[in-house]
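The structure under discussion appears below in the form of structure tokens.
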Amino acid sequence: MVNGEFLSQLAAVVDDKTMVAGADIGAAHSVDTSGEYPCLPELLLRPGSTEELSAIIKLCGTHQQPYVVQGGMTGVSGGATPNPGEVAISLMRLRGIEEIDENAFTVTARAGTPLEEIQQAVAVKGLSFPLDIGARGSCTVGGIAATNAGGNQVIRYGVARNLILGLEVVLADGTVLTSLTKVLKNNTGYDLKQLFIGSEGTLGVITRVVLRLVPQCETFTTFCAVNSFSDVLQLFRLSNQYFSGAVSAFEVMWQDYMAAVLAAGEDLTSPFAEQYPFYVLLEIDVERPDGAMEWFENGLAQALEQELIQDAVIAKTDSEREKLWRIREGIGEVVAQMGLAVHCDVAVDASGLEAYVTEVERNIGEQFPDNQLLVFGHLGDGNLHITVSANSEAEKTALYNIIFSSAARHGGMISGEHGLGSLKRDYLSYTRTEAEVQWMRKLKQLFDPNNCLNPHRVLG
Ligand SMILES: Cc1cc2nc3c(=O)[nH]c(=O)nc-3n(C[C@H](O)[C@H](O)[C@H](O)COP(=O)(O)OP(=O)(O)OC[C@H]3O[C@@H](n4cnc5c(N)ncnc54)[C@H](O)[C@@H]3O)c2cc1C
């Protein structure tokens, strides 16, 4: 129950568009895309400026009022889902692009700006923000920074951490920490912004970001059929060598995944008449398109000659490319029909991947032979998505244990991009040492001594 004294002091520092209560809040603020454990907050606060946010947060600290930070609610780890008793603070009104600097190759935007808005605005200037995810229409740049999002082009451009030059953050005591620099090189002491990137809103609330841009490239896309996982890995090696540095996406899908996506998406079709054990969506980004299609085709011809691929189609138009990507991004509809399930996004280095997947498939097959297992992911950066249907909460725990303990045995991480939020936080110590977790706790204590800011996320 939100304290009355807190409410009356709040009314004095916020404007009339900021505070929303009761039925007006809307179910969208009760749960993120995971759909797990929805909880409608008693109060929703939508500050319209950094100063207003700072005043709200300061007041929350004074009254020991816990709060959850909400961006576009596309996260899948429960991080933005309120817990009982928490107030929700949404960044939705802190939206808009402040500057596109064509000389510095940067864009400065408010945290609540959707990714797609950034992509479209910079494209008009012939530039690109090279981070793209399926949730582009709804996820915000603040959320991307907070979760250190990866996405479809990590092999070439890196994760959010590599693409953020500056941040403005409001700390739990209301301090506004501004580091909105556009410089690429900054060796003036600790790089504090890196603490907030990927901290899932547990150390501060991000209000503005400076993002790196690159010149727009021409993208060439192929969808390949592959016979074995070791051929997938060899194809990855060959494409990285042949296209040296130009590979921007290398997405792999197992046949079970393909079948499930095609069955769930009414207007989706396979590019091939036959079925194959694996499919790879491969893209290269090229600055100078002259002769690039020939280069692309020659690279694929080599892979065909070496029998690493059995068949391939090349997208000739944007709509053909979109159709191929819809297969890769079609998991949403499968998940919606699946019901209870675990969704994992482990990271294992390329050398350990084959053994890792074999072990997980074997262990799940032995213990849960009737459960549906779907594997796909950004193999180029060792990030695999593993979705398994479950029949109970106890089964979910057992499945998490199988998937995460194997990740630990193969030198991987339990999350490569979605983070821990509240759904995976209890598994943190599978792949981080006791000393690492202890220092994470010390950092949390330092930045948020009252434990009001996104409590019980990341750390249990
Ligand atoms: C279809 C689909 C595809 C996806 N693909 C990818 C992918 O390829 N790669 C990937 O990494 N993720 C992916 N995601 C996950 C998700 O989109 C990202 O995690 C995204 O960055 C979340 O942004 P958001 O604004 O929706 O954040 P939310 O879901 O609102 O919040 C996520 C977390 O960040 C915190 N947070 C949000 N905004 C702020 C802020 N301003 N300051 C501090 N903390 C904040 C929240 O408290 C929460 O802990 C996908 C999700 C969907 C639904």
field: Any pair with Cβ under 9 angstrom, 6 or more apart, that starts in region 367-382 at a residue that is over 13 Å from residue 402 (Cβ atoms) and ends at one that is of a type in the set (Lys, Arg) and surrounded by 16 or more Cβ atoms within 10 Å (Cβ to Cβ)
entry: 376/328; 380/156
message: Quick check on region 39-51. Is at least one of its residues in a helix (DSSP H, G or I) and within 13 Å of the ligand (Cβ to nearest atom)?
response: yes
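So which of 111, 55, 80 is touching a helix residue (DSSP H, G or I) at 6+ places or on another chain (Cβ under 7 Å) and within 20 Å of residue 198 (Cβ to Cβ)? Break it down stepwise before answering.
Details: 55 fails: within 20 Å of residue 198 (Cβ to Cβ); 80 fails: touching a helix residue (DSSP H, G or I) at 6+ places or on another chain (Cβ under 7 Å).
After ruling out the rest, the residue left standing is 111.
Quick check on residue 252: is it assigned to a helix (DSSP H, G or I), more than 27 Å from residue 122 (Cβ to Cβ) and outside the structural domain of residue 132 (by TED's automatic domain parsing)? Break it down stepwise before answering.
Details: assigned to a helix (DSSP H, G or I): no; more than 27 Å from residue 122 (Cβ to Cβ): yes; outside the structural domain of residue 132 (by TED's automatic domain parsing): yes.
Answer is no for this residue.
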query: Applying the selection to region 214-241, what residues are surrounded by 16 or more Cβ atoms within 10 Å (Cβ to Cβ) and in a strand (DSSP E or B)?
result: 214, 219, 220, 221, 222, 223, 224, 225, 226
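Have a look at 250, 278 and point out the one that is of a type in the set (A, V, I, L, M, F, W, C) and either open to solvent by less than 10 Å² (accessible area, probe 1.4 Å) or within 13 Å of the ligand (Cβ to nearest atom) (or both). Can you show your working first?
Numbers: 278 fails: either open to solvent by less than 10 Å² (accessible area, probe 1.4 Å) or within 13 Å of the ligand (Cβ to nearest atom) (or both).
Of the residues listed, the single one that is of a type in the set (A, V, I, L, M, F, W, C) and either open to solvent by less than 10 Å² (accessible area, probe 1.4 Å) or within 13 Å of the ligand (Cβ to nearest atom) (or both) is 250.
Say whether the condition of being more than 10 Å from the ligand (Cβ to nearest atom) and basic (Lys, Arg) is met by at least one residue in region 130-140.
no
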- line: region 341-460: helices (runs of 4 or more DSSP H) wholly inside it with 3 or more residues that are assigned by TED's automatic domain parsing to the domain that holds residue 161, open to solvent by 10 Å² or more (accessible area, probe 1.4 Å) and in contact with a helix residue (DSSP H, G or I) (Cβ under 6 Å, 6 or more places away or on another chain) are none
- line: The correct count of residues that are part of a loop (DSSP other than H, G, I, E, B), open to solvent by 10 Å² or more (accessible area, probe 1.4 Å) and either without any contact (Cβ under 8 Å) to a residue 60 or more places away in the chain or not assigned by TED's automatic domain parsing to the domain that holds residue 166 (or both) in region 94-127 is 6
- prompt: Is it the case that region 184-204 has a residue that's away from the ligand (no atom under 16 Å from the Cβ), surrounded by fewer than 16 Cβ atoms within 10 Å (Cβ to Cβ) and either touching a residue at least 24 places away in the same chain (Cβ under 8 Å) or part of a strand (DSSP E or B) (or both)?
  reply: yes
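The values are calculated or read from the model by the stated rules, or taken from the named source; none is laboratory data. Note that the coordinates shown come from a computational prediction; the quantities given were computed from them, not determined experimentally. Don't worry about glycine lacking a Cβ; one is built from the backbone with ideal geometry, like all the others, and counts go over all protein chains shown. Surface areas here come from the heavy atoms of the whole protein model, side chains and all, with no ligands, DNA or RNA. Shrake-Rupley method; radii C 1.70, N 1.55, O 1.52, S 1.80 Å.
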